[in-house]
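To start, the structure under review is shown below, and the notes come after it.
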Amino acid sequence: QALQGATNPKPAYDTGSDIYTSILNDLNSADADLSNTASVFKVGTDDLIYGGSMANWEKLANSVKARLLLHLAKKDATKYAAAATAAQAGIATGQDALVPFGSNANEQNPWFQFNDQRGDVRMGAFLVNSMLTNNDPRLAVFATKDANNTYSGSAPGQFETTGSAFGTFYGSSNSSIPLFLSAENKFILAEALISQAAPDRAGAAVAFNEAVAESLDYFGTPSAAFLTAHGSESAATITLEKIINQKYVALYTQPETWNDWRRTGFPALTPAPGNTAIPRRFVYPQDERLFNNGNYIPNVTSFDKVFWD
């Protein structure tokens, strides 16, 4: 209906659950198609992410499926086991899905362009302070040093012009941007294993430790000391909070951390001064209120929850 133009200017809405079902069906179909070695369709070097490797695309389809299944698990706990199965068939070390960029003006990374053209955005204090507390070596590539030759960020509701700015790892003109990291796949596996009906705490600890180590390596900041302190969990010590808190750092710049917070409540965030809550969804755009008012759902605020939250 949405693509019928003037024939149907007021398309109906699909439910969120129907959309998830449709996407998961598409991913299952993609998985089956990509595993068909008799296929005559070959992408080759035109594939800027995997260089024509259909096997890697098949693994990525499973990783995306695992991510979406976790979204649904609070509504249906059986999705944890399904997410674990999908993650075990997902991408592994060296199979990160990265979008490449270049140094020429028409090839530059959009984070670099935004920062170069604006230059007024500073790091968030919550992330910076937690990384300082944990002596996290990734901070050196996440952020630049501030005017005092250390790292600092802006708290919610503030505008700290002298704080640390965007760092080099994602902020250089030719930095690649991740669509999906292998470390995320391991964090998903860790959460799914610890949360399923018969928790596999030992397996969750192994997946978590591997995820932390892989994230450090991905950002070029390996640290035995950090792994000893924050990446050496056992079946007795692993917790969901530890998994999500480390995943939050590893997925720096990626919106999936907001989904994780909405699902789990981790990391433990507080609203900006003058607010009593943190937004949990996007509101409908104004065009829908103006031109599709027969289907528009009124009185939805950014503090309402989506169906899986």
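The values are calculated or read from the model by the stated rules, or taken from the named source; none is laboratory data. This structure is a prediction, so every number in the text was calculated from the model and none was measured. Positions of Cβ are backbone-derived with ideal geometry, glycine not excepted, and every protein chain shown enters the neighbour counts. Heads up: the accessible areas ignore ligands, DNA and RNA and are worked out on the full protein's heavy atoms, side chains in. Shrake-Rupley method; radii C 1.70, N 1.55, O 1.52, S 1.80 Å.
Looking at this model, which pairs from 59/79; 42/186; 59/242; 59/305 are more than 23 angstrom apart at the alpha-carbon?
42/186; 59/242; 59/305
Output the relative contact order of the stretch 176-279, whole-number percent, from Cα pairs under 8 angstrom with separation of 6+ residues.
Worked out over the stretch 176-279, it gives 24 percent.
Please sort by residue number the trypsin sites (Lys or Arg not before Pro) in the stretch 250-280 whose DSSP state is loop and whose Cβ has at most 15 other Cβ atoms within 10 Å.
280
List the trypsin sites (Lys or Arg not before Pro) within the stretch 58-105 that DSSP assigns to loop and that have no more than 16 neighbouring Cβ atoms inside 10 Å.
When the trypsin sites (Lys or Arg not before Pro) of the stretch 58-105 are filtered for loop state and at most 16 Cβ neighbours within 10 Å, 74, 75 remain.
Output ³J(HN,Hα) for the stretch 253-259: one whole-Hz value per residue in order, computed from phi by the Karplus curve 6.51 cos²θ - 1.76 cosθ + 1.60 with θ = phi - 60°, and x for Gly and Pro.
Result, ordered by residue: 6, 9, x, 4, 5, 5, 4 Hz.
Tell me, what HN-Hα J-couplings in whole Hz come from the Karplus equation 6.51 cos²θ - 1.76 cosθ + 1.60 at θ = phi - 60° for each residue of the stretch 123-135, using x for Gly and Pro?
Running phi through 6.51 cos²θ - 1.76 cosθ + 1.60 with θ = phi - 60° gives 5, x, 5, 4, 5, 4, 5, 5, 6, 5, 4, 8, 6 Hz.
Going by average Cβ neighbours within 10 Å, how do the peptides 111-121, 85-95 rank, with the highest at the top?
85-95, 111-121
Taking all protein chains in place and a 1.4 Å probe, what share, in percent, of the accessible surface of the chain do carbon and sulfur account for?
Heavy-atom surface of the chain belonging to carbon and sulfur, 1.4 Å probe: 55 percent.
Return the long-range amide H neighbours of residue 98 (sequence gap of 5 or more, or a different chain), with a cut-off of under 5 Å between placed amide H atoms.
179
Please report, in debye to the nearest 20, how large the charge dipole of the stretch 169-309 is about its Cα centre when each Lys and Arg carries +1 at its beta carbon and each Asp and Glu carries -1 there.
320
Quick one: accessible area per residue over the chain, 1.4 Å probe, rounded to a whole number of Å²?
52
Filter the chymotrypsin sites (Phe, Trp or Tyr not before Pro) in the stretch 31-70 to those in DSSP coil with at most 12 other Cβ atoms within 10 Å of their Cβ, and list the result.
When the chymotrypsin sites (Phe, Trp or Tyr not before Pro) of the stretch 31-70 are filtered for loop state and at most 12 Cβ neighbours within 10 Å, 41 remain.
For the stretch 115-172 and the stretch 283-301, write down the distance between their C-alpha centroids in whole Å.
The distance from the Cα centre of the stretch 115-172 to that of the stretch 283-301 comes to 37 Å.
Considering the values (i) 181; (ii) 140; (iii) 168, which represents volume of the Cα convex hull per residue in Å³ as calculated for the structure under consideration?
(i)
Please sort 16-26, 183-193 by packing, taking for each peptide the average over its residues of neighbouring beta carbons within 10 angstrom, highest first.
So the order, starting with the most tightly packed, is 183-193, 16-26.
Under 20 Å from a label point 7 Å along Cα→Cβ of residue 235: give me every residue in the stretch 188-218 with its amide N that close.
189-211
Rounded, prolate or oblate: pick one for the stretch 1-110, where a ≥ b ≥ c are the square roots of the eigenvalues of its C-alpha gyration tensor, a/c under 1.5 means rounded, and failing that, prolate if a/b is larger than b/c, else oblate.
Oblate, because a/c is 1.5 or more while a/b does not exceed b/c.
I want to check the label-to-label distance for residue 47 and residue 155. Put each point 7 Å from Cα in the C-beta direction and report it in nm to one decimal.
4.9
Could you order peptides 219-229, 299-309, 132-142, 238-248 by the average number of other Cβ atoms within 10 Å of their residues, highest first?
The peptides rank, most packed first, as 238-248, 132-142, 219-229, 299-309.
With θ taken as phi - 60° and the coefficients 6.51, -1.76 and 1.60, list the Karplus ³J(HN,Hα) couplings across the stretch 208-223 in order, rounded to whole Hz; mark glycine and proline as x.
Here the 3J(HN,Hα) series is 4, 4, 5, 5, 5, 4, 5, 5, 4, 5, 4, 8, x, 10, x, 7 Hz.
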